[in-house]
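S.K.: Got a structure for you, written out below as structure tokens; questions coming shortly.
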Amino acid sequence: MSRVRIIAFVLLSAACAPARAQAVLPPPVAKALGAARIPQASVAVVVEEVGANRSAIRLNAAAPMNPASVMKLVTTYGSLEMLGPAHRWRTVAYLDGPLTEGVLEGNLVLKGGGDPRLDLASFWMLLRALRGKGLREIRGDLVLDRSQFERAAGGPGDFDGDAFRPYNVLPDALLLNFRSLRFTFQPAPEAGAVRIAVEPRPPALEVVNALSLSEGACPEGRAFRDLLQPTFEPARPRAIFAGRYPAACGEKELYVALLAPDDQVAGVMRQLWAETGGVWTGAARAGEAPAGVPPFHEHESAPLGELVRDANKLSNNVIARHIFLALGGNAAGPPAAARRAAAAIRAWLARKGLAASELVIENGTGLSRIERISAATVAALLQFAWRSPVMPEFIASLPIAASDGTMRRRLKDSGVAGQAHIKTGLLSDARSMAGYVLDRSGRRMVVVMLVNHANAHQAQEAMDALLLWVYEGAR
């Protein structure tokens, strides 16, 4: 029997031995769930030592649950093993016409490779490289090739009706700056006004500032946005802010996915190309890279080993979806598609001896109403990950309790602060966490807790209680 199959046998033996683990939650956890009015039938928990053949707790471990963003663990760990931490995406520029003394008599073609983090700084570096290679004036069009990805079904507002929220942005092989604009608001009490800055600032964008400076406390999250009374009109494009802005807010930011994909690239191109001293007066349009023409320049993304940190620590859905699609493109070639990525994940799990028959994977991020996985499968993957060659990159991508990412504000001034690497997840009816805790005696513990219930948003106290109990020495 091979070493891989031996490890799989040990892990699956643990998954099939609930009699050796208690199905009773620690009293602090049970009490917190009771206070939140969440029945234990709606909760799945696995707690076990890394490398052990038994669990301390297994409650509803085999139940298919919506994992929310904990699903990103499947995508990121799978990508690190299948693609490798050094994997990069390439955005390629082609010249479709002759270049003479800095003037391109033809089109500039940009072919997207699915770079998950082609932000303003990266795009500026790409344009600077084009200038450095002698391109000054473009007398044709900007042709945008997105053929690396299959077009995503549906629209960005399908999940929760908010098409302008950056977390809802659909995958795009030529995604620029997460298709987002950053609006910065700054009170100016001396003028009785509020100043608005935008970055990037496409020349065609109109901003209507009808905000009034007000008194009172500064709300957070959605309440802050609602107070601004924003109206977004992508077709013009225009952003209108007509509400109140409390001076107590100080300087705050709002990220908005306002522009259509082609308009985003074209608008930012016009802004940055002019800033580099370049000239372009043509149009932007969809198209394909010219056959038989060598690349003029290739821009490489950050390596996957770095990007999984953003996907997990910040729970960035857009980056995770691009990583997920890369698995499909790697397995079956372009265009990358979600169904091919899901097939690649299933084949990878099968090679590990994990059937995971309950698994439903739609986009690999957990931003889904239909994705499902069991706590037992998540725990088994965490066990495999600990023994994997990519373990350092994977563990380093997880939020650290009381330190960074989505765990930065939790468990401060507690013993488990800094001792747990935990991925979190939250939807309207699902809350989750999964990762590792180094307990006070030096044992490394796998911890998984999935909650599916109308009151799931109130489960944080129970989850924190479980992490504290594990740190104190789960038995």
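S.K.: Could you give the size of the charge dipole of the stretch 181-256 about its Cα centre, using +1 on the Cβ of each K and R and -1 on the Cβ of each D and E, expressed in debye and rounded to the nearest 20? Walk me through the numbers before you get to the answer.
M.R.: Working: 9 positive and 9 negative charges, 42 e Å.
So the dipole magnitude of the stretch 181-256 works out to roughly 200 debye.
S.K.: If packing is taken as the average count of other Cβ atoms within 10 Å, what order do 186-192, 338-344, 44-50, 372-378 fall into, highest mean first? Numbers along the way, then the final one.
M.R.: On the way: 186-192: 11.4, 338-344: 19.4, 44-50: 24.1, 372-378: 26.0.
Ranked from most to least packed, the peptides come out as 372-378, 44-50, 338-344, 186-192.
S.K.: For the residues ILE323, ILE196, ILE345, what sequence is obtained by ranking on other C-beta atoms within 10 Å, fewest first?
M.R.: Details: ILE323 29, ILE196 18, ILE345 23.
Going from sparsest to densest Cβ surroundings: ILE196, ILE345, ILE323.
S.K.: What fraction of the DSSP beta bridges in the stretch 181-256 is antiparallel, stated in percent and rounded to the nearest 5? The partial results should precede the final answer.
M.R.: On the way: 16 of 23 bridges.
About 70 percent, rounded to the nearest 5.
S.K.: Using alpha carbons only, how many degrees (0 to 90, rounded to 10) separate the axis of helix 120-132 from the longest principal axis of the chain?
M.R.: Its long axis makes an angle of about 40 degrees.
S.K.: By how many degrees, between 0 and 90 and to the nearest 10, does the Cα long axis of helix 338-351 differ from the longest principal axis of the chain?
M.R.: It works out to around 30 degrees.
S.K.: Next question. Work out the length of the dipole vector of the chain about its Cα centre, built from +1 on the beta-carbon of each Lys and Arg and -1 on the beta-carbon of each Asp and Glu, and round it to the nearest 20 debye.
M.R.: Details: 53 positive and 44 negative charges, 308 e Å.
It comes to approximately 1480 debye.
S.K.: Then there is this: With both partners inside the chain, how many of the DSSP beta bridges are antiparallel, as a percent to the nearest 5?
M.R.: Values: 58 of 78 bridges.
In the chain, approximately 75 percent of DSSP beta bridges are antiparallel ones.
S.K.: Based on the inverse mean of 1/r over its pairs of different Cα atoms, what is the Kirkwood hydrodynamic radius of the stretch 118-240, in Å? Could you put the intermediate results ahead of the total?
M.R.: On the way: mean 1/r = 0.0565 Å⁻¹.
Averaging 1/r across every pair of different Cα atoms and inverting gives 17.7 Å.
S.K.: Once Lys and Arg get +1 and Asp and Glu get -1 on their Cβ, which of ILE422, GLY106, SER301 lies farthest toward the positive end of the dipole of the chain?
M.R.: The residue sitting most towards the positive pole is ILE422.
S.K.: Based on the Cβ-Cβ distance from ASP162 to THR281, what FRET efficiency comes out when R0 is 45 Å, to the nearest 0.05?
M.R.: Details: r = 36 Å, r/R0 = 0.79.
Given R0 = 45 Å and the Cβ-Cβ separation, E is 0.80.
S.K.: Between THR184 and ASP429, how high is the FRET efficiency from 1/(1 + (r/R0)^6) when r is the Cβ-Cβ distance and R₀ = 25 Å? Nearest 0.05. Show your work: numbers first, answer last.
M.R.: Numbers: r = 34 Å, r/R0 = 1.35.
Efficiency, rounded to the nearest 0.05: 0.15.
S.K.: Compute the FRET efficiency between ARG54 and GLU101 as 1/(1 + (r/R0)^6), taking r as their Cβ-Cβ distance and R0 = 56 Å, and round to the nearest 0.05. Present the calculation step by step, with values, prior to reporting the outcome.
M.R.: Working: r = 74 Å, r/R0 = 1.33.
That pair, ARG54 with GLU101, gives E of 0.15.
S.K.: Round to the nearest 10 and give me the degree value, 0 to 90, for the angle of helix 460-471's Cα axis relative to the longest principal axis of the chain.
M.R.: Approximately 60 degrees, to the nearest ten.
S.K.: Right, something else. Near the amide H of MET445, under 5 Å away, which other amide H atoms are found, from residues 5 or more places off or on another chain, if H is placed in the peptide plane?
M.R.: VAL50, VAL437, LEU438, ASP439
S.K.: Determine the shape class of the stretch 99-153: with a ≥ b ≥ c the square roots of the Cα gyration tensor eigenvalues, call it rounded for a/c under 1.5, and otherwise prolate if a/b is greater than b/c, oblate otherwise. Spell out each step's value before the answer.
M.R.: Numbers: a/c = 3.50, a/b = 1.58, b/c = 2.22.
Because a/c hits 1.5 or more and a/b fails to exceed b/c, the stretch 99-153 counts as oblate.
S.K.: Please list, in order along the stretch 285-291, the HN-Hα scalar couplings obtained from phi with the Karplus expression 6.51 cos²θ - 1.76 cosθ + 1.60 (θ = phi - 60°), rounded to whole Hz, x for Gly and Pro.
M.R.: Calculated HN-Hα couplings, in order: 8, 6, x, 10, 4, x, 6 Hz.
S.K.: Another question, if that's okay. Please give the contour-minus-distance gain from ARG222 to LEU120: 0.36 nm per residue of separation, less the Cα-Cα distance, rounded to one decimal in nm. Could you put the intermediate results ahead of the total?
M.R.: Numbers: separation 102, 0.36 × 102 = 36.72 nm, distance 2.56 nm.
Using 0.36 nm per residue and subtracting the Cα-Cα distance, I get 34.2 nm.
S.K.: Right, another one. Which distance in nm do the two modelled labels at LEU213 and ALA347 give, with both placed 7 Å along the Cα-to-Cβ direction?
M.R.: With each label point 7 Å from Cα toward Cβ, the separation is 6.2 nm.
S.K.: In addition: In sequence order, what are the phi-derived ³J(HN,Hα) couplings for the stretch 194-202 according to the Karplus relation 6.51 cos²θ - 1.76 cosθ + 1.60 with θ = phi - 60°, rounded to whole Hz, with x for glycine and proline?
M.R.: After applying 6.51 cos²θ - 1.76 cosθ + 1.60, I find 10, 8, 10, 10, 10, 9, x, 10, x Hz.
S.K.: Quick check: convex hull of the Cα atoms in the stretch 47-186, volume per residue, rounded to a whole Å³? Intermediate results must be reported in sequence, preceding the final value.
M.R.: Working: hull volume 31.6 nm³, N = 140.
Roughly 226 Å³ of hull volume per residue.
S.K.: Here is a follow-up. Scattering from the C-alpha atoms of the stretch 181-256 alone, worked out with Debye: what is log10 I(q)/I(0) at q = 0.11, 0.12, 0.25, 0.27 1/Å?
M.R.: Scattering profile of the stretch 181-256, log10 relative to I(0): -0.25, -0.30, -1.25, -1.42.
S.K.: Mind listing the long-range amide H neighbours of ARG195? Cut-off is under 5 Å, sequence gap 5 or more, other chains count too, H placed in the peptide plane at 1.01 Å from N.
M.R.: GLN186, ALA188
S.K.: What three numbers, in Å, describe the spread of the alpha carbons of the chain along their principal axes, ordered from the longest?
M.R.: Per principal axis, max minus min of the Cα coordinates gives 75, 63, 36 Å.
S.K.: Which GluC sites (Glu not before Pro) in the stretch 209-279 pass both tests, a DSSP loop state and at most 13 other beta-carbon atoms within 10 Å?
M.R.: Numbers: sites: GLU215, GLU220, GLU251, GLU253, GLU275; in loops: GLU215, GLU220, GLU251.
In loop regions of the stretch 209-279 (DSSP not H, G, I, E or B), the sparsely surrounded GluC sites (Glu not before Pro) are GLU215, GLU220, GLU251.
S.K.: Can I ask one more? Calculate for the chain the 222 nm mean residue ellipticity that helices alone would give, adding -39,500 (n - 2.57) per DSSP H run of length 4 or more and normalising by residue count, nearest 500 deg cm²/dmol.
M.R.: Numbers: 12 runs with 139 residues, N = 475.
Result for the chain: -9000 deg cm²/dmol, rounded to the nearest 500.
S.K.: Tell me which residues come under 5 Å, amide H to amide H, from ARG238 once H is placed; ignore anything under 5 positions away on its chain.
M.R.: GLU206, GLU233
Coordinate-derived values only; no laboratory data. All values derive from a computational prediction rather than experimental measurement. Please note: Cβ atoms are built from the backbone with ideal geometry, for glycine as well, and neighbour counts cover all protein chains shown.
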